[in-house]
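Asks: First the structure, then my questions, so here it is.
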């Protein structure tokens with residue numbers, strides 16, 4: 001008898017030990033931080049010089065009007081003595097990383113623990129905290145993702161089985177993604193509002209609009225991935241279309257599906273945030289827009305950071321689910 | 001569904017009946033391609049008797065695989081007639097008349113060996129208990145008992161191909177159609193599988209149609225060797241093997257074996273020179 005191949009040899013092909021991956025990541029983060037801190041100086045130089053002038057420091061040129069027409073770098077090099085507040089100005093165009101982190105701390109942990117409306121004092125999440133707004137956004141993201149994934153999978157099954165659907169649905173699915181979502185989102189909200197739907201649903205619809213497409217494309221590819229031989233084998237069993245779908249096409253499509261879901265969940269988050277921009281009723285999108293109305297750039301950056309972290313966590317969660325599923329299916333050692 | 005009696009009697013199918021299981025009469029098949037029509041089969045007439053082991057040999061493009069696919073209703077002839085168990089190939093397929101083994105094992109990577117073999121049984125609606133019983137039986141037949149819970153990637157190529165043969169045997173088809181099943185395997189594994197296939201054929205008394213490129217393989221396995229030639233695909237010779245049913249591997253060194261191999265080679269050459 002031929003011997004079974006050793007399963008161990010397959011598992012070890014995974015690359016570096018975990019701790020060795022850390023230095024490059026940390027190095028990258030440090031480099032980005034350094035670039036950021038450097039960029040803060042020219043970005044905020046005009047405001048910093050104005051404040052310094054008021055405080056009695058001599059700046060050059062002395063007239064604010066003259067300074068307005070000068071390049072930022074030129075001002076930086078002419079006034080190196082007066083730039084002390086670059087990283088701590090009140091209303092910076094570009095806040096320094098530590099200012100963003102302080103804002104992040106203030107609007108999450110500090111607000112909930114010590115704020116009047118925080119969870120410790122009031123028993124509910126404060127509507128001024130990013131935790132609350134992140135959960136609002138997450139709600140719409142999940143609902144939209146669910147609708148988008150189911151819709152996408154359903155359309156893909158239809159497209160694979162019906163030539164008419166293949167010819168009619170696919171071009172529209174592609175066209176739908178060429179319309180900029182920021183242009184479409186307010187219309188979706190207005191139209192749905194006019195028929196009495198508001199709140200969570202319109203945001204979820206925008207999320208679904210963005211997330212169904214990668215699922216359609218990935219699933220169509222996956223459902224069509226069985227080769228001619230595997231389809232012939234099914235024919236020799238006189239298998240029904242339903243059998244071919246459940247026993248061959250769907251299992252074959254799982255790896256493709258997960259690749260699509262990772263894109264779809266990130267797109268869902270973007271959709272939810274875009275859906276929150278026109279309606280100032282909570283969510284990370286609303287926070288970002290409010291921050292830009294009131295010149296609170298640190299607030300925008302903090303909300304951005306939370307959104308990015310959420311996206312990373314969501315994609316990571318899908319990847320973990322993928323690993324578990326493929327391992328259970330025996331398609332991964 | 002099949003009655004219990006038929007299932008228990010399965011290994012001792014009757015062999016003596018003279019009526020051919022597969023009968024091709026002036027079969028023609030022309031593919032319409034962009035470069036004009038391709039004559040894949042021309043005027044192919046052949047009777048395959050129950051319990052015989054028929055090999056189809058010939059160069060690429062001679063239509064041997066196409067003929068096998070016609071029997072399996074995977075291709076549809078454009079002329080002539082073809083019956084399987086007295087039915088059209090389509091009806092025969094619906095009556096589960098044959099199992100088909102492809103060149104690649106084609107096992108589903110997400111199913112264990114046992115569940116791969118149960119696949120046709122699930123599709124055909126066998127009960128869970130019967131699925132388990134049949135899977136165990138065919139695994140023993142191909143000497144893979146104990147590998148039921150393994151996944152395909154844990155098995156060697158030869159073992160995977162044996163599992164795919166087991167899958168074709170799992171339901172009670174009288175006919176086994178094999179399209180170069182050992183073509184991708186090395187010669188040592190191929191020899192052993194050839195020997196096992198003969199034992200299996202002896203035990204189950206199935207009718208086997210076997211496509212191959214290899215002259216020794218065809219001569220070693222078959223009761224009948226069908227020599228085919230290309231453009232258009234047609235039969236040039238049908239050789240009935242005088243070799244005994246009991247065939248140890250070293251029968252390949254006997255003068256009879258060498259003589260048949262020679263005749264096959266002559267047939268192939270004649271097909272080329274025409």
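Here, each number is a calculation from the coordinates, and none is a lab measurement. Since the model is a prediction, treat every value here as computed from it, not as a measurement. Every residue, glycine among them, receives a Cβ derived from its backbone with ideal geometry; neighbour counts consider all protein chains shown.
Asks: Hey, in the GNM for chain A with a 10 angstrom Cα cutoff, which one of A:319, A:74, A:140 fluctuates hardest?
Replies: Top of the fluctuation ranking is A:74.
Asks: Could you compute the FRET efficiency for residue A:294 and residue A:194, with r as their C-beta to C-beta distance and R0 at 35 Å, rounded to 0.05? Intermediate results must be reported in sequence, preceding the final value.
Replies: Details: r = 30 Å, r/R0 = 0.86.
The formula returns an efficiency of 0.70 here.
Asks: Moving on. Over all distinct alpha-carbon pairs, what is the Kirkwood Rh of the range B:100-240 in angstrom?
Replies: Values: mean 1/r = 0.0632 Å⁻¹.
It is 15.8 Å.
Asks: Moving on. For the protein assembly as shown, compute Rg over Rh where Rg is the Cα radius of gyration and Rh is the Kirkwood radius from the inverse mean 1/r over Cα pairs.
Replies: Details: Rg = 35.8 Å, Rh = 30.3 Å.
Radius of gyration over Kirkwood radius for the protein assembly as shown works out to 1.18.
Asks: Go ahead and estimate [θ] at 222 nm for chain B from helices alone: -39,500 (n - 2.57) per DSSP H run with n ≥ 4, summed, over the residue count, rounded to 500. If you can, show how the numbers build up before the last one.
Replies: On the way: 9 runs with 102 residues, N = 274.
That calculation yields -11500 deg cm²/dmol at 222 nm.
Asks: For residue B:249 and residue A:183, FRET efficiency with R0 = 60 Å and r from the beta-carbon atoms, rounded to 0.05? It would help to have the intermediate numbers written out before the result.
Replies: Numbers: r = 75 Å, r/R0 = 1.25.
Calculated transfer efficiency: 0.20.
Asks: Write down, largest first, the equivalent ellipsoid semi-axes of the range B:105-172 in whole Å, where each equals the square root of 5 times an eigenvalue of the alpha-carbon gyration tensor.
Replies: Details: eigenvalues 61, 28, 21 Å².
Those come to 18, 12, 10 Å.
Asks: Something else: For q values of 0.07 Å⁻¹, compute log₁₀ I(q)/I(0) with the Debye formula on a Cα-only model of chain B, without solvent.
Replies: Log-scaled intensity ratios, in q order: -0.25.
Asks: Over all alpha-carbon pairs of the range A:130-328, lay out the pair-distance distribution in 10 Å bins, whole %, shortest bin first.
Replies: 9, 30, 31, 18, 8, 3, 0
Asks: Treat each spin label as a single point 7 Å out from the Cα along the C-beta direction, and report the residue A:70 to residue B:256 distance in nm.
Replies: Result: 10.9 nm between the two label points.
Asks: Oh, and also: To test your reading of the geometry: what angle, between 0 and 90 degrees and rounded to tens, separates the Cα axis of helix B:128-141 from the longest principal axis of chain B?
Replies: 60
Asks: Could you tell me the calculated FRET efficiency between residue A:332 and residue B:145, based on Cβ-Cβ distance and R0 = 35 angstrom, to the nearest 0.05?
Replies: Details: r = 27 Å, r/R0 = 0.76.
Plugging the Cβ-Cβ distance into 1/(1 + (r/R0)^6) gives 0.85.
Asks: Suppose the chain between residue A:175 and residue A:280 were pulled fully straight at 0.36 nm per residue; how much longer would it get relative to their current alpha carbon spacing? Intermediate results must be reported in sequence, preceding the final value.
Replies: Details: separation 105, 0.36 × 105 = 37.80 nm, distance 2.93 nm.
Result: 34.9 nm gained on full extension.
Asks: If chain A were replaced by its equivalent ellipsoid, with semi-axes equal to the square roots of 5 times the Cα gyration tensor eigenvalues, what would those be, largest first, whole Å? List each step's numbers first, then the result.
Replies: Values: eigenvalues 482, 141, 81 Å².
Sorted largest first and rounded, they come to 49, 27, 20 Å.
Asks: Follow-up question, since we're still on this one. Hey, for a label at residue A:105 modelled as a point 7 Å past Cα toward Cβ, could you say which residues of the range A:121-148 have their backbone N under 17 Å away?
Replies: A:130-131
Asks: With angles folded into 0 to 90 degrees, how steeply does helix A:181-194 sit against the dominant principal axis of chain A? Use alpha carbons for both and round to 10.
Replies: With rounding to tens, the tilt is 80 degrees.
Asks: Over all residues in A:227-234, what is the mean tally of Cβ atoms on other chains that come within 10 Å of each residue's Cβ? Walk me through the numbers before you get to the answer.
Replies: Numbers: counts 2, 2, 7, 5, 1, 7, 11, 3.
That average works out to 5.
Asks: What area, in nm² and to one decimal, does the C-alpha convex hull of the range A:105-230 cast on average over all directions? Intermediate values should be presented prior to the final figure.
Replies: Values: hull surface 46.4 nm².
The number I arrive at for the range A:105-230 is 11.6 nm².
Asks: How large is the helix-only mean residue ellipticity at 222 nm for chain A, computed as the sum of -39500 (n - 2.57) over DSSP H runs with n ≥ 4, divided by its residue count, in deg cm²/dmol to the nearest 500? Walk me through the intermediate numbers first.
Replies: Numbers: 15 runs with 233 residues, N = 333.
One gets -23000 deg cm²/dmol as the mean residue ellipticity at 222 nm.
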